[in-house]
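Some notes on the structure that comes next.
The values are calculated or read from the model by the stated rules, or taken from the named source; none is laboratory data. Treat the numbers as computed from the prediction; the structure is a model and nothing was measured. Here the Cβ positions follow ideal geometry from the backbone for every residue, glycine too, while neighbour counts run over all protein chains shown.
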Amino acid sequence: MPCAEAVAVKDGRILKVGTNAEIRPLIGKNTRVVRLGGKTVLPGFIDTHVHVVDFGRLLMWLDLAGVGSIKEMQSRLKERLVKTAVGKWVVGRGWDDGRFVEKRLPNRFDLDAVAPSNPVILYYQCGPVCVVNSRALELAGITKTTPNPSGGTIDKDPKTGEPSGVLRDAATDLVFSKIPEPTFEELVEASGLAVEKIVAAGITSIHWLATSQVDLAVLQTLLKKKQLPLRVYMVIPFGLLGKVPLDENLHDDFAKIGGVEVVADGYLSSGTAALFEPYADDSKINGKLLCTPAELEATAQKIVKAGLQLVIHAMGDKAIDAALAALEAVEGQGRHRVDQAALFNKDLLQRAQKQKVILSVQPLVGASEFSVYSALEHLGKKRARWLYPLKTLFKKGVCVCGGSDCPMEPLNPLQAIQSAVAREFFPEEQLTVDEALRMYTVNAAYASSEETVKGSIEEGKLADFTVLSKNPHKVAPTKIRGIRVELAIVGGKIVYQR
Ligand SMILES: [Zn+2]
(Lines give C-alpha, C1' and ligand atoms only; values in the text may rest on other atoms or scores of the structure.)
Protein backbone atom coordinates (compact mmCIF):
# COMPACT_ATOMS: atom_id res chain seq x y z
CA MET A 1 0.00 0.00 0.00
CA PRO A 2 2.11 2.96 -1.15
CA CYS A 3 -0.48 5.55 -0.22
CA ALA A 4 -3.29 5.76 2.34
CA GLU A 5 -5.95 8.27 3.36
CA ALA A 6 -6.01 7.99 7.12
CA VAL A 7 -4.19 6.53 10.07
CA ALA A 8 -5.44 5.65 13.54
CA VAL A 9 -3.14 5.86 16.56
CA LYS A 10 -3.56 4.35 20.00
CA ASP A 11 -1.15 4.28 22.96
CA GLY A 12 1.63 5.79 20.88
CA ARG A 13 1.47 3.14 18.17
CA ILE A 14 -0.16 2.88 14.78
CA LEU A 15 -3.42 0.98 15.12
CA LYS A 16 -4.64 0.97 11.54
CA VAL A 17 -3.80 2.46 8.17
CA GLY A 18 -6.37 2.70 5.41
CA THR A 19 -9.12 4.68 3.73
CA ASN A 20 -11.21 7.26 5.58
CA ALA A 21 -14.11 4.80 5.53
CA GLU A 22 -12.00 2.12 7.17
CA ILE A 23 -10.60 4.38 9.88
CA ARG A 24 -13.76 6.37 10.73
CA PRO A 25 -15.40 3.59 12.82
CA LEU A 26 -12.40 3.69 15.16
CA ILE A 27 -13.14 7.27 16.25
CA GLY A 28 -14.33 7.14 19.84
CA LYS A 29 -15.54 9.68 22.38
CA ASN A 30 -12.01 10.59 23.45
CA THR A 31 -10.38 10.45 20.05
CA ARG A 32 -8.65 13.55 18.81
CA VAL A 33 -9.24 13.89 15.08
CA VAL A 34 -6.63 15.81 13.12
CA ARG A 35 -7.83 16.79 9.65
CA LEU A 36 -4.96 17.55 7.33
CA GLY A 37 -6.87 18.90 4.34
CA GLY A 38 -4.78 17.13 1.74
CA LYS A 39 -1.37 17.66 3.31
CA THR A 40 1.19 14.88 3.09
CA VAL A 41 2.03 12.52 5.95
CA LEU A 42 5.36 10.72 5.84
CA PRO A 43 7.03 8.43 8.36
CA GLY A 44 8.86 10.70 10.83
CA PHE A 45 12.25 11.72 9.45
CA ILE A 46 15.31 10.15 11.05
CA ASP A 47 18.62 12.04 10.92
CA THR A 48 21.51 9.60 11.36
CA HIS A 49 24.21 12.12 12.31
CA VAL A 50 23.60 15.05 14.68
CA HIS A 51 25.80 16.66 17.33
CA VAL A 52 23.13 18.01 19.66
CA VAL A 53 25.29 19.77 22.26
CA ASP A 54 27.41 21.53 19.62
CA PHE A 55 24.24 22.58 17.81
CA GLY A 56 22.90 23.94 21.09
CA ARG A 57 26.07 25.93 21.75
CA LEU A 58 25.65 27.58 18.37
CA LEU A 59 21.98 28.37 19.03
CA MET A 60 22.95 30.27 22.16
CA TRP A 61 24.83 32.69 19.92
CA LEU A 62 23.16 35.90 18.82
CA ASP A 63 22.08 35.42 15.21
CA LEU A 64 23.02 38.36 12.99
CA ALA A 65 22.30 36.78 9.62
CA GLY A 66 20.64 39.16 7.19
CA VAL A 67 21.26 42.29 9.29
CA GLY A 68 21.14 45.28 6.90
CA SER A 69 22.87 48.00 8.93
CA ILE A 70 25.09 48.67 11.92
CA LYS A 71 22.03 50.26 13.53
CA GLU A 72 20.09 47.00 13.16
CA MET A 73 23.03 45.07 14.56
CA GLN A 74 23.00 47.40 17.57
CA SER A 75 19.30 46.89 18.17
CA ARG A 76 19.64 43.08 18.04
CA LEU A 77 22.50 43.30 20.50
CA LYS A 78 20.43 45.55 22.74
CA GLU A 79 17.55 43.05 22.71
CA ARG A 80 19.91 40.27 23.74
CA LEU A 81 21.44 42.34 26.55
CA VAL A 82 18.05 42.80 28.18
CA LYS A 83 18.07 39.03 28.82
CA THR A 84 21.76 38.84 29.75
CA ALA A 85 23.23 39.34 33.23
CA VAL A 86 25.62 42.26 33.67
CA GLY A 87 29.18 41.22 32.94
CA LYS A 88 28.25 38.09 30.98
CA TRP A 89 29.64 37.50 27.51
CA VAL A 90 27.54 37.94 24.40
CA VAL A 91 28.73 35.91 21.42
CA GLY A 92 27.15 36.38 18.00
CA ARG A 93 27.64 35.52 14.38
CA GLY A 94 26.42 36.36 10.92
CA TRP A 95 27.04 40.04 10.10
CA ASP A 96 28.18 41.05 6.64
CA ASP A 97 29.38 44.64 6.12
CA GLY A 98 28.66 44.17 2.40
CA ARG A 99 24.98 44.50 3.34
CA PHE A 100 25.37 47.48 5.65
CA VAL A 101 23.80 50.76 4.48
CA GLU A 102 26.62 52.56 6.34
CA LYS A 103 29.11 51.01 3.88
CA ARG A 104 31.80 50.45 6.52
CA LEU A 105 33.01 47.84 9.00
CA PRO A 106 31.48 47.92 12.47
CA ASN A 107 33.85 48.95 15.30
CA ARG A 108 34.19 48.77 19.09
CA PHE A 109 32.44 52.12 19.58
CA ASP A 110 29.33 50.92 17.70
CA LEU A 111 29.12 48.07 20.21
CA ASP A 112 30.07 50.17 23.24
CA ALA A 113 27.12 52.46 22.52
CA VAL A 114 24.71 49.67 23.44
CA ALA A 115 26.98 47.35 25.44
CA PRO A 116 29.11 49.38 27.83
CA SER A 117 29.59 46.71 30.49
CA ASN A 118 29.13 43.25 28.95
CA PRO A 119 32.00 41.88 26.86
CA VAL A 120 30.80 41.28 23.26
CA ILE A 121 32.29 39.35 20.35
CA LEU A 122 30.42 39.22 17.03
CA TYR A 123 31.70 37.07 14.19
CA TYR A 124 31.44 37.85 10.49
CA GLN A 125 29.08 35.55 8.55
CA CYS A 126 31.85 33.13 7.57
CA GLY A 127 35.51 32.79 8.38
CA PRO A 128 37.50 34.00 11.38
CA VAL A 129 36.83 37.74 11.46
CA CYS A 130 35.07 39.43 14.34
CA VAL A 131 34.28 42.74 15.95
CA VAL A 132 34.54 43.11 19.73
CA ASN A 133 33.71 45.93 22.13
CA SER A 134 36.03 47.78 24.51
CA ARG A 135 35.17 45.56 27.48
CA ALA A 136 36.22 42.46 25.50
CA LEU A 137 39.47 44.13 24.40
CA GLU A 138 40.15 45.02 28.01
CA LEU A 139 39.56 41.43 29.23
CA ALA A 140 41.87 40.13 26.52
CA GLY A 141 44.49 42.75 27.38
CA ILE A 142 44.58 44.14 23.85
CA THR A 143 45.85 47.73 23.67
CA LYS A 144 47.53 50.15 21.29
CA THR A 145 50.85 48.43 21.87
CA THR A 146 49.73 44.80 21.46
CA PRO A 147 51.56 43.32 18.46
CA ASN A 148 49.72 41.20 15.87
CA PRO A 149 49.85 37.52 16.85
CA SER A 150 51.40 35.21 14.26
CA GLY A 151 48.82 34.50 11.57
CA GLY A 152 46.46 37.26 12.71
CA THR A 153 45.76 40.99 12.57
CA ILE A 154 44.49 43.48 15.14
CA ASP A 155 42.96 46.32 13.11
CA LYS A 156 44.08 49.70 14.42
CA ASP A 157 42.91 53.26 13.81
CA PRO A 158 45.48 54.85 11.46
CA LYS A 159 45.33 58.18 13.36
CA THR A 160 45.27 57.12 17.03
CA GLY A 161 46.81 53.66 16.76
CA GLU A 162 44.02 52.34 19.04
CA PRO A 163 42.51 48.93 18.22
CA SER A 164 39.31 49.45 16.18
CA GLY A 165 37.69 46.30 17.56
CA VAL A 166 38.01 44.28 14.35
CA LEU A 167 40.17 41.17 14.73
CA ARG A 168 41.22 38.84 11.96
CA ASP A 169 42.29 35.18 11.83
CA ALA A 170 44.50 34.15 14.79
CA ALA A 171 43.82 37.50 16.50
CA THR A 172 40.18 36.43 17.05
CA ASP A 173 41.45 33.75 19.46
CA LEU A 174 42.98 36.41 21.74
CA VAL A 175 39.41 37.29 22.72
CA PHE A 176 37.58 34.01 22.12
CA SER A 177 39.94 32.16 24.48
CA LYS A 178 38.79 34.45 27.33
CA ILE A 179 35.16 33.33 27.13
CA PRO A 180 34.42 30.92 29.99
CA GLU A 181 33.13 27.45 29.11
CA PRO A 182 29.34 27.23 29.49
CA THR A 183 28.12 25.61 32.69
CA PHE A 184 26.38 22.24 32.57
CA GLU A 185 23.01 23.95 33.14
CA GLU A 186 23.69 26.23 30.19
CA LEU A 187 24.53 23.25 28.01
CA VAL A 188 21.29 21.52 29.03
CA GLU A 189 19.32 24.65 28.18
CA ALA A 190 21.14 25.01 24.86
CA SER A 191 20.55 21.35 24.00
CA GLY A 192 16.87 21.76 24.89
CA LEU A 193 16.70 24.54 22.32
CA ALA A 194 18.52 22.30 19.85
CA VAL A 195 16.04 19.41 20.13
CA GLU A 196 13.17 21.88 19.66
CA LYS A 197 14.77 23.07 16.41
CA ILE A 198 15.29 19.47 15.36
CA VAL A 199 11.63 18.49 15.70
CA ALA A 200 10.65 21.74 13.96
CA ALA A 201 12.61 20.42 10.97
CA GLY A 202 10.27 17.40 10.91
CA ILE A 203 12.79 15.05 12.50
CA THR A 204 11.32 12.61 15.02
CA SER A 205 14.40 10.45 15.67
CA ILE A 206 18.10 11.23 15.69
CA HIS A 207 21.33 9.37 15.89
CA TRP A 208 23.14 11.59 18.39
CA LEU A 209 26.88 11.46 17.87
CA ALA A 210 28.33 12.17 21.29
CA THR A 211 31.76 13.72 21.70
CA SER A 212 32.15 13.24 25.46
CA GLN A 213 30.47 12.09 28.63
CA VAL A 214 28.78 15.49 28.82
CA ASP A 215 26.49 14.49 25.94
CA LEU A 216 25.26 11.52 27.91
CA ALA A 217 24.66 13.59 31.04
CA VAL A 218 22.77 16.17 28.97
CA LEU A 219 20.62 13.45 27.41
CA GLN A 220 19.79 12.00 30.83
CA THR A 221 18.92 15.44 32.19
CA LEU A 222 16.65 16.25 29.24
CA LEU A 223 14.88 12.91 29.74
CA LYS A 224 14.45 13.55 33.45
CA LYS A 225 13.10 17.06 32.84
CA LYS A 226 10.76 15.67 30.17
CA GLN A 227 12.33 17.96 27.60
CA LEU A 228 13.12 15.31 25.04
CA PRO A 229 10.41 15.51 22.36
CA LEU A 230 12.10 13.02 20.01
CA ARG A 231 13.79 9.63 20.05
CA VAL A 232 17.53 9.29 20.43
CA TYR A 233 19.91 6.57 19.30
CA MET A 234 23.18 7.62 20.87
CA VAL A 235 26.54 6.78 19.40
CA ILE A 236 29.39 7.22 21.90
CA PRO A 237 33.08 7.70 21.05
CA PHE A 238 35.26 4.59 21.49
CA GLY A 239 37.10 6.30 24.36
CA LEU A 240 33.93 6.07 26.49
CA LEU A 241 33.34 2.35 25.95
CA GLY A 242 33.56 0.62 29.31
CA LYS A 243 33.59 3.98 31.14
CA VAL A 244 29.89 4.78 31.03
CA PRO A 245 26.92 2.67 32.09
CA LEU A 246 25.05 1.69 28.97
CA ASP A 247 21.44 1.70 30.10
CA GLU A 248 21.19 3.67 33.33
CA ASN A 249 18.26 6.08 33.37
CA LEU A 250 17.56 5.63 29.70
CA HIS A 251 14.12 4.73 28.47
CA ASP A 252 14.09 2.18 25.69
CA ASP A 253 11.55 3.76 23.37
CA PHE A 254 13.00 7.24 23.68
CA ALA A 255 16.71 6.95 24.25
CA LYS A 256 19.31 4.27 24.07
CA ILE A 257 23.02 3.95 23.55
CA GLY A 258 23.30 1.93 20.39
CA GLY A 259 26.66 2.46 18.78
CA VAL A 260 30.31 3.26 19.27
CA GLU A 261 32.21 5.44 16.86
CA VAL A 262 35.76 4.83 15.75
CA VAL A 263 37.38 7.51 13.63
CA ALA A 264 39.51 6.17 10.76
CA ASP A 265 40.38 9.47 9.08
CA GLY A 266 39.57 13.19 8.87
CA TYR A 267 37.71 15.31 6.34
CA LEU A 268 38.11 15.86 2.60
CA SER A 269 37.57 19.61 2.91
CA SER A 270 40.59 19.97 5.20
CA GLY A 271 42.76 17.52 3.28
CA THR A 272 42.76 15.04 6.16
CA ALA A 273 40.59 12.29 4.64
CA ALA A 274 42.89 9.33 3.90
CA LEU A 275 43.39 8.77 0.16
CA PHE A 276 45.26 6.09 -1.80
CA GLU A 277 46.73 8.78 -4.08
CA PRO A 278 47.67 12.34 -3.05
CA TYR A 279 45.20 15.19 -3.40
CA ALA A 280 45.17 16.48 -6.98
CA ASP A 281 45.86 20.07 -5.93
CA ASP A 282 48.64 19.18 -3.48
CA SER A 283 50.84 16.22 -4.36
CA LYS A 284 52.44 16.29 -0.90
CA ILE A 285 49.38 15.27 1.07
CA ASN A 286 47.10 12.25 0.96
CA GLY A 287 45.60 12.38 4.42
CA LYS A 288 46.37 9.80 7.07
CA LEU A 289 44.67 6.81 8.58
CA LEU A 290 44.24 7.62 12.26
CA CYS A 291 44.78 3.96 13.14
CA THR A 292 46.31 1.02 11.30
CA PRO A 293 43.94 -1.48 9.66
CA ALA A 294 45.00 -4.03 12.32
CA GLU A 295 44.17 -1.61 15.15
CA LEU A 296 40.85 -0.81 13.53
CA GLU A 297 39.98 -4.50 13.38
CA ALA A 298 40.94 -5.05 17.02
CA THR A 299 38.80 -2.08 18.06
CA ALA A 300 35.92 -3.42 15.98
CA GLN A 301 36.12 -6.75 17.80
CA LYS A 302 35.91 -5.01 21.19
CA ILE A 303 32.83 -3.03 20.19
CA VAL A 304 31.07 -6.07 18.78
CA LYS A 305 31.88 -7.99 21.95
CA ALA A 306 30.18 -5.22 23.98
CA GLY A 307 27.04 -5.89 21.93
CA LEU A 308 27.03 -2.46 20.31
CA GLN A 309 26.96 -1.24 16.76
CA LEU A 310 30.31 -0.47 15.19
CA VAL A 311 30.25 2.95 13.51
CA ILE A 312 33.41 3.77 11.56
CA HIS A 313 33.98 7.33 10.39
CA ALA A 314 35.70 6.85 7.02
CA MET A 315 35.58 9.55 4.36
CA GLY A 316 38.50 8.93 2.00
CA ASP A 317 38.90 5.85 -0.22
CA LYS A 318 41.80 4.49 1.84
CA ALA A 319 39.79 4.83 5.05
CA ILE A 320 36.71 3.19 3.50
CA ASP A 321 38.97 0.34 2.37
CA ALA A 322 40.15 -0.17 5.96
CA ALA A 323 36.59 0.19 7.29
CA LEU A 324 35.23 -2.45 4.92
CA ALA A 325 38.04 -4.81 5.95
CA ALA A 326 37.16 -4.28 9.64
CA LEU A 327 33.46 -4.84 8.90
CA GLU A 328 34.32 -8.03 7.06
CA ALA A 329 36.22 -9.26 10.09
CA VAL A 330 33.11 -8.97 12.29
CA GLU A 331 30.64 -10.14 9.65
CA GLY A 332 27.69 -12.06 10.99
CA GLN A 333 27.99 -10.46 14.44
CA GLY A 334 25.47 -7.62 14.40
CA ARG A 335 24.70 -4.81 12.01
CA HIS A 336 27.47 -2.27 11.56
CA ARG A 337 28.10 0.77 9.44
CA VAL A 338 30.41 3.29 7.83
CA ASP A 339 29.70 6.94 8.59
CA GLN A 340 30.58 9.96 6.40
CA ALA A 341 31.44 7.54 3.57
CA ALA A 342 32.29 9.81 0.65
CA LEU A 343 34.99 8.75 -1.79
CA PHE A 344 34.61 5.37 -3.51
CA ASN A 345 36.23 3.56 -6.42
CA LYS A 346 35.00 0.56 -8.41
CA ASP A 347 36.60 -1.98 -6.08
CA LEU A 348 35.10 -0.36 -2.97
CA LEU A 349 31.65 -0.19 -4.58
CA GLN A 350 31.82 -3.87 -5.37
CA ARG A 351 32.88 -4.79 -1.85
CA ALA A 352 30.18 -2.57 -0.34
CA GLN A 353 27.64 -4.47 -2.43
CA LYS A 354 29.03 -7.90 -1.57
CA GLN A 355 29.23 -7.14 2.15
CA LYS A 356 25.76 -5.50 2.18
CA VAL A 357 27.12 -2.65 4.28
CA ILE A 358 25.17 0.23 5.75
CA LEU A 359 26.44 3.67 4.79
CA SER A 360 25.48 6.84 6.62
CA VAL A 361 25.86 9.68 4.16
CA GLN A 362 25.45 13.45 4.47
CA PRO A 363 24.09 14.82 1.17
CA LEU A 364 24.66 18.45 2.17
CA VAL A 365 28.29 17.74 3.07
CA GLY A 366 28.52 16.24 -0.43
CA ALA A 367 27.05 19.36 -2.00
CA SER A 368 29.58 21.51 -0.11
CA GLU A 369 32.47 19.28 -1.19
CA PHE A 370 31.67 20.08 -4.81
CA SER A 371 30.48 23.68 -4.63
CA VAL A 372 32.48 25.14 -1.71
CA TYR A 373 35.59 22.95 -1.48
CA SER A 374 36.07 22.43 -5.26
CA ALA A 375 36.17 18.63 -5.26
CA LEU A 376 36.95 18.60 -8.98
CA GLU A 377 40.30 20.36 -8.46
CA HIS A 378 40.88 18.82 -5.02
CA LEU A 379 40.51 15.23 -6.25
CA GLY A 380 40.69 15.46 -10.03
CA LYS A 381 37.69 14.76 -12.23
CA LYS A 382 38.29 11.01 -12.50
CA ARG A 383 38.25 10.44 -8.76
CA ALA A 384 35.53 13.01 -8.07
CA ARG A 385 33.24 10.91 -10.29
CA TRP A 386 32.96 8.44 -7.39
CA LEU A 387 32.45 11.03 -4.69
CA TYR A 388 29.01 10.42 -3.12
CA PRO A 389 27.90 7.96 -5.85
CA LEU A 390 24.49 7.56 -4.25
CA LYS A 391 22.58 6.25 -7.28
CA THR A 392 25.21 3.61 -7.95
CA LEU A 393 25.04 2.53 -4.30
CA PHE A 394 21.25 2.31 -4.43
CA LYS A 395 21.43 0.26 -7.65
CA LYS A 396 23.82 -2.12 -5.92
CA GLY A 397 21.35 -2.58 -3.08
CA VAL A 398 23.56 -0.96 -0.44
CA CYS A 399 21.59 0.50 2.49
CA VAL A 400 22.27 4.23 2.36
CA CYS A 401 20.87 6.37 5.18
CA GLY A 402 20.90 10.14 5.51
CA GLY A 403 22.27 12.51 8.10
CA SER A 404 23.04 16.19 8.40
CA ASP A 405 26.22 16.38 10.51
CA CYS A 406 24.46 19.39 12.07
CA PRO A 407 25.80 21.92 13.12
CA MET A 408 28.55 21.51 10.49
CA GLU A 409 25.83 21.60 7.83
CA PRO A 410 22.18 22.73 8.00
CA LEU A 411 19.71 20.43 9.68
CA ASN A 412 16.94 20.62 7.08
CA PRO A 413 16.24 17.10 5.71
CA LEU A 414 14.14 18.52 2.85
CA GLN A 415 17.12 20.58 1.72
CA ALA A 416 19.27 17.43 1.88
CA ILE A 417 16.68 15.43 -0.05
CA GLN A 418 16.58 18.14 -2.72
CA SER A 419 20.36 18.14 -3.00
CA ALA A 420 20.38 14.35 -3.50
CA VAL A 421 17.57 14.51 -6.07
CA ALA A 422 18.76 17.56 -8.00
CA ARG A 423 22.53 17.38 -7.61
CA GLU A 424 24.43 19.41 -10.20
CA PHE A 425 27.77 17.60 -10.31
CA PHE A 426 27.65 14.16 -11.95
CA PRO A 427 23.85 14.23 -12.32
CA GLU A 428 23.93 10.53 -13.25
CA GLU A 429 24.13 10.02 -9.47
CA GLN A 430 20.85 11.85 -8.78
CA LEU A 431 18.39 9.86 -6.69
CA THR A 432 14.65 9.62 -7.21
CA VAL A 433 12.51 11.36 -4.58
CA ASP A 434 11.47 7.94 -3.31
CA GLU A 435 15.08 6.83 -2.81
CA ALA A 436 16.03 10.07 -1.08
CA LEU A 437 13.05 9.75 1.27
CA ARG A 438 14.11 6.19 2.10
CA MET A 439 17.47 7.55 3.27
CA TYR A 440 15.65 9.51 5.99
CA THR A 441 13.04 6.89 6.89
CA VAL A 442 13.21 3.12 6.30
CA ASN A 443 16.93 2.96 5.60
CA ALA A 444 17.76 5.10 8.64
CA ALA A 445 15.56 2.84 10.79
CA TYR A 446 17.40 -0.21 9.46
CA ALA A 447 20.73 1.46 10.28
CA SER A 448 19.89 1.38 13.99
CA SER A 449 18.15 -2.03 13.84
CA GLU A 450 14.81 -0.35 14.52
CA GLU A 451 13.07 -1.18 11.24
CA THR A 452 10.39 -3.17 13.03
CA VAL A 453 9.23 -0.08 14.96
CA LYS A 454 10.21 2.92 12.81
CA GLY A 455 10.71 4.12 9.27
CA SER A 456 7.30 3.44 7.72
CA ILE A 457 3.64 3.98 8.48
CA GLU A 458 2.58 0.44 9.29
CA GLU A 459 0.25 -1.06 11.83
CA GLY A 460 2.03 -1.80 15.10
CA LYS A 461 4.89 0.62 14.53
CA LEU A 462 5.55 3.72 16.64
CA ALA A 463 3.25 6.59 15.68
CA ASP A 464 5.97 8.98 14.47
CA PHE A 465 5.00 11.18 11.53
CA THR A 466 6.16 14.22 9.63
CA VAL A 467 3.38 16.25 8.03
CA LEU A 468 4.40 18.40 5.06
CA SER A 469 2.64 21.25 3.28
CA LYS A 470 3.17 19.52 -0.07
CA ASN A 471 3.97 16.08 -1.44
CA PRO A 472 7.70 15.97 -2.38
CA HIS A 473 6.81 13.61 -5.24
CA LYS A 474 4.58 16.27 -6.75
CA VAL A 475 6.75 19.40 -6.73
CA ALA A 476 9.69 20.20 -9.03
CA PRO A 477 12.95 18.74 -7.60
CA THR A 478 14.36 22.23 -7.09
CA LYS A 479 11.32 23.22 -5.02
CA ILE A 480 11.52 20.43 -2.43
CA ARG A 481 13.40 22.54 0.12
CA GLY A 482 10.58 25.08 0.02
CA ILE A 483 8.07 22.53 1.37
CA ARG A 484 7.07 23.43 4.92
CA VAL A 485 6.96 21.12 7.90
CA GLU A 486 3.42 21.48 9.29
CA LEU A 487 3.54 18.98 12.15
CA ALA A 488 5.94 16.61 13.81
CA ILE A 489 4.31 13.77 15.72
CA VAL A 490 6.17 11.43 18.06
CA GLY A 491 4.37 8.50 19.64
CA GLY A 492 1.02 10.01 18.62
CA LYS A 493 1.79 13.34 20.30
CA ILE A 494 2.16 16.55 18.34
CA VAL A 495 5.61 17.82 19.32
CA TYR A 496 5.80 20.58 16.75
CA GLN A 497 3.11 22.57 15.00
CA ARG A 498 3.89 25.35 12.52
ZN1 LIG B 1 29.91 14.68 12.80
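Among the criteria (1) exposed (fewer than 13 other Cβ atoms within 10 Å of the Cβ); (2) of a type outside the set (Ser, Thr, Tyr); (3) touching a strand residue (DSSP E or B) at 6+ places or on another chain (Cβ under 7 Å), the one Ile121 does not fulfil is (1).
For beta carbons closer than 8 Å, sequence separation of 6+ or different chains, a first residue in region 450-464 that is at negative phi and assigned by TED's automatic domain parsing to the domain that holds Gly259 and a second that is among the hydroxyl-bearing types (Ser, Thr, Tyr) and surrounded by fewer than 14 Cβ atoms within 10 Å (Cβ to Cβ), the qualifying pairs are Lys461/Thr452. Number of residues in region 160-206 that are more than 22 Å from the chain's Cα centre (by Cα) and of a type in the set (A, V, I, L, M, F, W, C): the value is 8.
Scoring Met408 on the criteria (1) crowded, with 19+ Cβ neighbours inside 10 Å; (2) under 21 Å from the mean Cα position of the chain (by Cα); (3) within 30 Å of Leu193 (Cα to Cα) leaves a single failure, condition (1). When the residues of region 43-56 are filtered to those that are assigned to a helix (DSSP H, G or I) and within 14 Å of the ligand (Cβ to nearest atom), which remaining residue is surrounded by the fewest Cβ atoms within 10 Å (Cβ to Cβ)? Across region 43-56, the extreme among qualifying residues is Asp54.
With respect to Glu377, determine if the residue is at negative phi and in a helix (DSSP H, G or I). Criteria met by Glu377.
Within region 97-107, does at least one residue satisfy the condition of being surrounded by fewer than 18 Cβ atoms within 10 Å (Cβ to Cβ), out of contact with any helix residue (DSSP H, G or I) (no Cβ under 9 Å at 6 or more places or on another chain) and without any contact (Cβ under 8 Å) to a residue 12 or more places away in the chain? The answer is yes, given that some residue of region 97-107 is surrounded by fewer than 18 Cβ atoms within 10 Å (Cβ to Cβ), out of contact with any helix residue (DSSP H, G or I) (no Cβ under 9 Å at 6 or more places or on another chain) and without any contact (Cβ under 8 Å) to a residue 12 or more places away in the chain. Scanning region 207-224 for residues being buried (at least 16 other Cβ atoms within 10 Å of the Cβ) and within 14 Å of the ligand (Cβ to nearest atom) gives a total of 5.
Apart from one condition, Gly397 fits all of (1) within 25 Å of Glu328 (Cβ to Cβ); (2) touching a helix residue (DSSP H, G or I) at 6+ places or on another chain (Cβ under 9 Å); (3) assigned to a helix (DSSP H, G or I); the exception is (3). Listed by first and then second residue, the pairs with beta-carbon distance under 6 Å, at least 6 apart or on different chains, first residue in region 400-424 and in a helix (DSSP H, G or I), second among the hydrophobic types (A, V, I, L, M, F, W, C) and within 14 Å of the ligand (Cβ to nearest atom), are Ala416/Leu364; Ser419/Leu364.
Of all positions in region 89-106, at least one carries a residue that is under 23 Å from Met60 (Cβ atoms) and out of contact with any Leu (no Cβ under 8 Å at 6 or more places or on another chain). All of (1) out of contact with any Phe, Trp or Tyr (no Cβ under 6 Å at 6 or more places or on another chain); (2) surrounded by fewer than 21 Cβ atoms within 10 Å (Cβ to Cβ) hold for Leu64 with one exception: (1). Would region 422-431 turn up any residue that is at pLDDT below 95, within 16 Å of the ligand (Cβ to nearest atom) and surrounded by fewer than 19 Cβ atoms within 10 Å (Cβ to Cβ)? No, because not a single residue in region 422-431 is at pLDDT below 95, within 16 Å of the ligand (Cβ to nearest atom) and surrounded by fewer than 19 Cβ atoms within 10 Å (Cβ to Cβ).
Condition check: part of a strand (DSSP E or B) and either at pLDDT 95 or above or more than 16 Å from the ligand (Cβ to nearest atom) (or both). Does Val311 satisfy that? Judged against the criteria, Val311 is a match.
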